[in-house]
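The values are calculated or read from the model by the stated rules, or taken from the named source; none is laboratory data. Note that the coordinates shown come from a computational prediction; the quantities given were computed from them, not determined experimentally. FYI the Cβ positions are ideal-geometry reconstructions off the backbone, even for glycines, and counts take in every protein chain you see.
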């Protein structure tokens, strides 16, 4: 592109040297790139300096507050939240700028093309996995939640067709590390919103997750990858309810 795209990109990082260069490379033609880093101990910040001087370091405040902090630094009216393991394609750039130029929307939903162990997962609820990531700074904010934070906008939002590429869980070890952290946050969210869960939730909820992903949402058509994901998500559901119950003992 001959000129920079007038949109701010907000990224949060913590020890993302494996991912961050490709994420930043995919948005290098945006005119405002903000990185809020949680004092990485690897080469994350060094790599980021090759793409932007808008790097800020903050102690970890939780996903929603950390992302909102990055959004607050944005210079442009429109902002895109990008994770370090995501990539913006040229097709997505073109489509988002056409929608923004057309006007009338406060936000844009983007379909995510999620990869697990190197395979694009098309079923089990993983595609198209729409998420609101592009929005007017004056019309939206990151909702404050312990886990599964999301953007809320005051106004209409359109759905784009071009996907955001998401390289989630390159290995099973990646999944297990994230599961430990996310299940703890999810347990806190359960206690805050619902109070003490019942003992039956240790059986019923994981079983329901497996059946929904593997059977109802056709996860079995993704082969061994679909089976592994359904089992892993069921196990993560068990762990988060077990952690919530543990805090009540």
Tally up the residues in segment 107-125 that are more than 11 Å from residue 222 (Cα to Cα) and in contact with a strand residue (DSSP E or B) (Cβ under 9 Å, 6 or more places away or on another chain), please. 10
Somewhere in segment 203-210, is a residue surrounded by fewer than 17 Cβ atoms within 10 Å (Cβ to Cβ) and over 15 Å from residue 244 (Cβ atoms)? yes
Say we look at segment 225-245 and pick out the residues that are surrounded by 20 or more Cβ atoms within 10 Å (Cβ to Cβ) and either in the same structural domain as residue 147 (by TED's automatic domain parsing) or more than 21 Å from the chain's Cα centre (by Cα) (or both); which of these is nearest to residue 192 (Cα to Cα)? 244
Residue 169, sole failed condition from (1) part of a helix (DSSP H, G or I); (2) surrounded by 18 or more Cβ atoms within 10 Å (Cβ to Cβ): (1)
Matching strands (runs of 3 or more DSSP E) fully within segment 101-166 where at least 3 residues are modelled with pLDDT under 95: none
Scanning for something farther than 30 Å from residue 210 by Cα and either surrounded by 15 or more Cβ atoms within 10 Å (Cβ to Cβ) or in contact with a helix residue (DSSP H, G or I) (Cβ under 8 Å, 6 or more places away or on another chain) (or both), does segment 110-133 turn up at least one residue? no
What tally of residues in segment 75-97 results from selecting those that are out of contact with any helix residue (DSSP H, G or I) (no Cβ under 9 Å at 6 or more places or on another chain) and either without any contact (Cβ under 8 Å) to a residue 24 or more places away in the chain or within 13 Å of residue 151 (Cβ to Cβ) (or both)? 1
Which number in (1) part of a loop (DSSP other than H, G, I, E, B); (2) farther than 25 Å from residue 70 by Cβ; (3) in contact with a helix residue (DSSP H, G or I) (Cβ under 8 Å, 6 or more places away or on another chain) marks the one condition that residue 190 misses? (1)
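Listed here are the residues, each with its yes/no results for (1) within 20 Å of residue 120 (Cα to Cα); (2) in contact (Cβ under 8 Å) with a residue 40 or more places away in the chain; (3) not in a helix (DSSP H, G or I).
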residue	(1), (2), (3)
196	no, yes, yes
202	no, yes, no
208	no, no, no
231	yes, no, no
245	no, yes, no
Condition met for residue 215 (more than 18 Å from the chain's Cα centre (by Cα), surrounded by 14 or more Cβ atoms within 10 Å (Cβ to Cβ) and free of Cβ contacts under 8 Å to residues at least 40 places away in the same chain): no
